Amino acid sequence: MFRLLMYLIPLALTIYAFIDCLNTPEDEAKHLPKIAWVFIILLFWIVGPVAWLAAGKLRTVPENGRTPSEWHRNHRTQYVAPDDNPEFLNSLKAENKKDEALLKDWEADLRRREEELKRRESGEDPKDAS
């Protein structure tokens, strides 16, 4: 059992440090670029994860309890209801203009066809009317 723990504890530590490194924003990685930390964690099996946990990440205490990191807070998308979103409303206006233009074209085509049918029924030659 002890032999198994000798392999499982470093493996668990490596997996934890690897995932923690991947989830850390680039600007919170200290001393080295994040990709370098990933290689250190994976190549130096016991020393790498300990080095990451000790010196690799900027660690601060959240101010008001458990909150996302500063990077996530600044890059969070703000969701707006569709009727309050100006981009969505502008896209609806543009779509309505396209639909109105298409409808006018269809109506003009329909009027032209109706006039052509009336000329045919009345016996006029469609070529003479042009």
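Summary of computed values
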| item | result |
| --- | --- |
| Residue check for residue 74: open to solvent by 100 Å² or more (accessible area, probe 1.4 Å), over 13 Å from residue 25 (Cα atoms) and at pLDDT below 80 | no |
| Check on residue 3, among the basic types (Lys, Arg) and not in a helix (DSSP H, G or I) | no |
| Residue tally, condition over 19 Å from residue 7 (Cβ atoms), open to solvent by less than 50 Å² (accessible area, probe 1.4 Å) and out of contact with any Gly (no Cβ under 7 Å at 6 or more places or on another chain), over region 39-60 | 5 |
| Counted residues, region 1-33 - those being within 26 Å of the chain's Cα centre (by Cα) and open to solvent by 90 Å² or more (accessible area, probe 1.4 Å) | 3 |
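Results for (1) at pLDDT 85 or above; (2) part of a helix (DSSP H, G or I); (3) out of contact with any strand residue (DSSP E or B) (no Cβ under 7 Å at 6 or more places or on another chain); (4) of a type in the set (Gly, Ala, Ser), shown as yes or no for each residue.
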residue	(1), (2), (3), (4)
17	yes, yes, yes, yes
32	yes, no, yes, no
42	yes, yes, yes, no
50	yes, yes, yes, no
55	yes, yes, yes, yes
60	no, no, yes, no
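The values are calculated or read from the model by the stated rules, or taken from the named source; none is laboratory data. A quick note: this is a predicted structure, and the numbers were derived from the prediction, not measured. Note that each Cβ is placed from the backbone with ideal geometry, even for glycine, and that neighbours are counted across all protein chains shown. Side chains included, ligands, DNA and RNA excluded: accessible areas come from the protein's heavy atoms. Shrake-Rupley method; radii C 1.70, N 1.55, O 1.52, S 1.80 Å.
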